[in-house]
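Quick note: the coordinates plus some simple rules give every number you see, no bench work behind them. The model shown is predicted, which means the values in this text are computed figures rather than measured ones. Heads up, the Cβs are rebuilt from the backbone with ideal geometry, glycines too, and the neighbour counts pull from every protein chain shown.
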Amino acid sequence: MKFKFVKCIIDETKCKKCGFCVEVNRCYSPDRCSGCLSCYWACPHEARIPVEDRQKREIVGISIDGVVYEFPEYITVKQALKLAGYDFPPQTGDFCEIGGCWSCAVIVNGNLERSCITPITDGMRIETNVEDVEPLRIIHGPQPHTVGGKATPWNEKKRGRYIEVAIWTAGCNLRCLQCQNYHVTYDNTSSPLSPREAAEIMTYYRRIYGVDGLAISGGEPTLNRRWLIQYFKELKRLNPDPEARFHLDSNGTILTPDYIDELVEAGCNNIGVEPKGARVETFMEITGMRDRELAEKYLQTAWNAARYIADNYADKVYLGIGIPYNPAFMSLEEIREIGYKIASIDPEIQVCVLDYFPTFRRRDIKRPRPIQMIKVKRILNEAGLKHVIVQTSLGHIGP
């Protein structure tokens with residue numbers, strides 16, 4: 001396998017000394033860059049630049065599943081596994097490549113470690129079978145909410161009190177330039193939790209705030225499939241009452257029918273999907289993706305997920321669809337297309353439109369004005385949708 005070595009350098013003209021690379025997304029190979037690119041994706045000011053690394057490397061020996069291999073030094077465990085012929089992801093679904101989701105974790109010298117950001121060392125012992133090891137994931141929260149997410153039933157959003165508690169998962173398979181939760185998405189430093197620990201914390205705060213909704217969002221929570229399925233199973237075990245809402249908000253890009261079936265069986269009964277556009281060009285602009293073929297696959301999977309849930313679980317799952325809107329990346333014509341597309345699935349589906357504004361990298365775009373969001377709502381209603389909620393700087397409007 002041909003391998004090109006890269007490293008990240010700092011563009012001092014762009015670096016704002018914000019501390020993000022120290023406090024949130026930390027380098028795990030500070031002596032010499034391993035080329036994991038986590039800092040490149042995470043820097044809010046795009047001050048990290050990947051370049052080819054032609055510096056001489058010594059050869060080190062590591063053991064993978066009992067077999068000894070030799071590799072160039074200063075590469076990641078994941079890179080070494082790929083050079084050895086291992087496929088990723090082995091059993092966990094897509095992964096983030098930045099150290100937040102723990103999907104690529106393997107056992108390194110007896111401990112579960114993230115292969116994407118952990119550098120190899122001479123004599124390292126790696127085991128790839130993690131089925132008997134409790135999965136981990138970086139989590140933020142819990143935090144109570146008065147409005148909720150894409151799949152929080154609209155008739156609960158008007159109560160004027162807390163209606164659910166939520167946690168957010170680190171790591172995402174997309175690279176949205178206007179990510180509004182990037183402090184969570186790109187976190188690779190916080191201590192991870194097991195599914196049981198996360199479910200216990202959520203159950204405790206459900207009691208504290210007196211709510212029925214238990215939500216998980218991100219980042220992208222569907223990364224690390226094994227963790228998420230176990231989490232919902234634990235949550236259902238701890239909250240067996242019929243009033244409990246087990247709420248997943250997702251970009252939908254890896255929500256295949258078999259994954260959805262497994263989630264519903266585990267107890268998930270609220271699912272929000274955010275396809276991020278009707279056109280692949282829009283999807284690529286929003287998500288920062290450069291691979292058109294993968295972008296098409298992700299976008300189609302998200303729309304297929306919404307239809308599959310509506311067609312197969314209308315009696316078991318409350319479905320919500322999210323739409324990110326800003327005139328800088330989406331036209332009103334495309335909003336109309338999206339409206340008709342959702343109405344063709346089911347005009348009763350709850351639709352939440354988010355007024356996207358820059359908090360991460362795309363700082364040139366302005367937040368849509370409330371009057372613009374009201375116009376978006378009108379267009380979606382005209383397309384036949386009955387339950388449309390728009391987020392504005394003045395609060396949520398609708399349905």
Percent RCO, i.e. relative contact order, over the chain, from Cα pairs under 8 Å lying at least 6 residues apart: 13 percent
Could you tally the net charge around residue 99, taking each other residue with its Cβ under 13 Å from the Cβ of residue 99, Lys/Arg +1 and Asp/Glu -1? +1
Could you work out how far helix 370-382 tilts from the main Cα principal axis of the chain, as a 0 to 90 degree angle to the nearest 10? 70 degrees
Please figure out what share of the DSSP beta bridges in segment 129-241 is antiparallel and state it in percent, rounded to the nearest 5. 50 percent
Could you grab the Rg to Rh ratio for segment 1-50? Cα atoms only, Kirkwood for Rh. 0.99
Rounded to the nearest 10 degrees, the helix 332-345 long axis (Cα) sits at an angle to the longest Cα principal axis of the chain of 80 degrees
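Taking the Cβ of each residue in 9, 120, 345 as the centre, tally the other Cβ atoms inside 10 Å and list the residues starting with the fewest.
Working: 9 13, 120 26, 345 17.
The order, fewest Cβ neighbours first, is 9, 345, 120.
Among 125-135, 371-381, how do they line up from the highest to the lowest mean number of other beta-carbon atoms within 10 Å? Write out the running numbers ahead of the final one.
Values: 125-135: 15.0, 371-381: 17.8.
Most protected by this proxy first, the peptides run 371-381, 125-135.
With the Cα gyration tensor of the chain in hand, give its eigenvalues times 5 under a square root as the equivalent ellipsoid semi-axes, listed largest first in whole angstrom. Can you show the working numbers first?
Working: eigenvalues 271, 124, 71 Å².
For the chain, the ellipsoid semi-axes come out as 37, 25, 19 Å.
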Taking the alpha-carbon centre of each part, the distance from segment 228-256 to segment 339-399 in Å is 26 Å
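What area, in nm² and to one decimal, does the C-alpha convex hull of segment 59-127 cast on average over all directions? Show your work: numbers first, answer last.
On the way: hull surface 16.4 nm².
Average of the hull's projected areas for segment 59-127 equals 4.1 nm².
Excluding residue 254 itself, what net charge comes from residues whose Cβ is under 9 Å from its Cβ, given Lys and Arg +1 and Asp and Glu -1? Could you put the intermediate results ahead of the total?
Values: positive: 225; negative: 94, 220.
Charge balance in the 9 Å sphere: -1.
Grab the other residues whose beta carbon is less than 15 angstrom from that of residue 233, score K and R as +1, D and E as -1, and report the net. Don't skip to the end; give the middle numbers.
Numbers: positive: 137, 196, 225, 226, 236, 237; negative: 134, 197, 200, 234, 261, 262, 265.
Around residue 233, the charge tally is -1.
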